[in-house]
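Peer 1: To start, I am sharing the structure in question, which I have written as structure tokens.
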Amino acid sequence: MQKLVENVWDYTKHAKFYEFRPNYAPKTIDMLITLVGGGNREIPLKVADIGAGTGNLSIMLLERACKVTSVEPNDAMRELGIERTKGQDIKWVRATGLNSTLESGSFDWVSFGSSFNVMDRNEALEETHRLLKKDGYFSCMWNHRDLNDEIQKIAEETIVEFVPNYNRGVRREDQRPIIESRKDLFDNIVYIEEDFYFHQTSQNYILAWKSVKNPYWDLETKEGAELFEQISKKIQARIPKEFDIKYTTRCWSAKKI
């Protein structure tokens with residue numbers, strides 16, 4: 001599984017494009033803070049942000065006065081995250097979500113921002129349970145493209161022209177079944193879904209797609225890079241130069257038993 005995370009899900013070539021992706025809906029993060037902390041803002045929540053990438057979710061947690069430990073195995077991603085959070089009360093750790101190397105029972109909250117799908121979810125839940133304090137919370141979240149949005153629909157249709165078997169994978173699945181399958185670890189599941197709009201240029205929209213890792217175009221191979229170039233050129237030719245584009249933040253949380 002270590003090999004899966006570090007090789008199959010190697011984001012080295014994608015790291016520098018993460019700044020072009022939208023962050024999570026702010027009100028959703030606010031609601032999660034209230035859920036985990038019970039509205040008590042006097043004591044900072046201790047959060048382990050697993051698969052923290054370049055720090056998108058970690059930064060949102062720091063802005064809300066959380067004490068954050070960010071776990072990220074990829075050196076390129078982690079170095080960008082360290083740079084982005086310089087001078088703030090945050091600890092960065094080179095490890096995976098299955099072997100975080102962190103102390104047992106020491107966190108109020110363990111979060112997975114767009115990372116729960118890149119590892120064995122069952123093992124990740126076990127590691128999360130180990131890290132959490134009594135009554136602590138697990139959360140996993142993603143930003144999903146709203147496929148009814150005009151721009152997103154164009155992108156989807158264009159991709160399918162080149163990749164007829166295109167599938168968005170585990171990140172699009174309902175996470176409730178995997179959480180419910182571990183009722184020995186977690187219960188009290190809470191689901192939050194929030195739509196939001198993100199202002200984007202066509203150029204930056206294509207750069208955001210370069211942050212995406214999937215089995216259809218691997219930017220590290222000549223064939224993958226050429227396929228992405230063909231897709232991105234056609235998308236860019238079909239969309240406006242500037243637009244507001246719709247996404248949905250979807251988050252599943254559960255309480256440690």
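Peer 1: From the list Ser100, Ser70, Ser58, which one is assigned to a loop (DSSP other than H, G, I, E, B) and either modelled with pLDDT of 95 or more or hydrophobic (A, V, I, L, M, F, W, C) (or both)?
Peer 2: Ser100 is the lone residue from the list that is assigned to a loop (DSSP other than H, G, I, E, B) and either modelled with pLDDT of 95 or more or hydrophobic (A, V, I, L, M, F, W, C) (or both).
Peer 1: For region 174-194, what are the residues that are under 16 Å from Trp142 (Cα atoms) and of a type in the set (Phe, Trp, Tyr)?
Peer 2: Tyr191
Peer 1: Does any residue in region 214-239 that is more than 13 Å from Ala155 (Cβ to Cβ) come within less than 7 Å, Cβ to Cβ, of a residue that is among the basic types (Lys, Arg) and part of a loop (DSSP other than H, G, I, E, B) six or more places away or on a different chain, and which pairs are these?
Peer 2: Listed pairs, sorted by first residue: Leu219/Lys13; Leu219/Lys210; Glu220/Lys13.
Peer 1: Okay, moving on. Could you check Trp142 against (1) over 30 Å from Ile231 (Cβ atoms); (2) at pLDDT 95 or above and say which number it fails?
Peer 2: (1)
Peer 1: All but one of (1) free of Cβ contacts under 8 Å to residues at least 24 places away in the same chain; (2) closer than 17 Å to Arg121 by Cβ hold for Phe186; which doesn't?
Peer 2: (1)
Peer 1: Pick out the one residue from Ile192, Ile206, Ile151, Ile159 that is β-branched (Val, Ile, Thr), open to solvent by less than 30 Å² (accessible area, probe 1.4 Å) and under 17 Å from the mean Cα position of the chain (by Cα).
Peer 2: Ile192
Peer 1: Follow-up. If Thr128 passes every condition in (1) closer than 22 Å to Lys213 by Cβ; (2) in contact (Cβ under 8 Å) with a residue 60 or more places away in the chain; (3) not in a loop (DSSP other than H, G, I, E, B) but one, which one does it miss?
Peer 2: It fails just one condition, (1).
Peer 1: For region 17-29, give me each residue that is open to solvent by 60 Å² or more (accessible area, probe 1.4 Å) and either closer than 21 Å to Asp108 by Cβ or not in a helix (DSSP H, G or I) (or both).
Peer 2: Pro26, Lys27, listed by residue number.
Peer 1: Here's a follow-up. Of all the residues that make up region 211-244, how many are closer than 18 Å to Arg171 by Cβ and open to solvent by less than 60 Å² (accessible area, probe 1.4 Å)?
Peer 2: 7
Peer 1: How many residues does region 85-130 contain that are open to solvent by less than 60 Å² (accessible area, probe 1.4 Å), within 19 Å of the chain's Cα centre (by Cα) and polar (S, T, N, Q)?
Peer 2: The number of residues fulfilling the criteria is 9.
The values are calculated or read from the model by the stated rules, or taken from the named source; none is laboratory data. Please read all numbers here as calculations on a predicted model, not as lab measurements. Cβ sites come from the backbone with ideal geometry, for glycine too, and all protein chains shown count toward neighbours. Note: areas computed on protein heavy atoms with side chains; ligands, DNA, RNA excluded. Shrake-Rupley method; radii C 1.70, N 1.55, O 1.52, S 1.80 Å.
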